[in-house]
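For reference, the structure discussed in these notes is given below.
The values are calculated or read from the model by the stated rules, or taken from the named source; none is laboratory data. All figures in this text were calculated on a predicted structure; none of them were measured in a lab. Cβ: placed from backbone, ideal geometry, glycine included. Neighbour counts: every protein chain shown.
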Amino acid sequence: MTPDEEIDFISSLIEKGFHYDNVNDEYVRKWITEGGEESILEIYQKIWHCNQWKQSMVGYGDIVFYEEFLE
């Protein structure tokens with residue numbers, strides 16, 4: 001991903017409601033069920049050693065139930 005593409009990617013995350021978590025160096029969005037009883041986190045994090053972005057879905061006791069590297 002070029003630097004300009006990365007800026008556009010980050011901007012699109014922010015437009016979609018993600019916020020930057022500087023403690024974990026990642027962009028996070030929280031999904032909550034209609035009743036508000038359950039929630040999951042959708043996370044995008046740049047993995048610096050391979051220069052790729054990883055998407056994760058975390059919920060139900062901090063269990064990662066989905067994870068993939070972006071092309």
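Quick notes
- Within region 34-52, the set of residues being under 20 Å from residue 65 (Cα atoms) and either within 14 Å of the chain's Cα centre (by Cα) or charged (D, E, K, R) (or both) comprises 37, 38, 40, 41, 42, 43, 44, 45, 46, 47, 52.
- Of the residues examined, residue 31 is one that is more than 24 Å from residue 6 (Cβ to Cβ), under 12 Å from the mean Cα position of the chain (by Cα) and of a type outside the set (Gly, Ala, Ser).
- If you filter region 3-28 down to residues that are among the β-branched types (Val, Ile, Thr) and over 14 Å from residue 70 (Cβ atoms), you find that the one that is nearest to the chain's Cα centre (by Cα) is 28.
- Selection status of residue 65, surrounded by 10 or more Cβ atoms within 10 Å (Cβ to Cβ), without any contact (Cβ under 8 Å) to a residue 40 or more places away in the chain and not β-branched (Val, Ile, Thr): yes
- Residues (of a type in the set (Asp, Glu) and either at pLDDT below 95 or in a loop (DSSP other than H, G, I, E, B) (or both)) located in region 7-54: 25, 34, 37, 38
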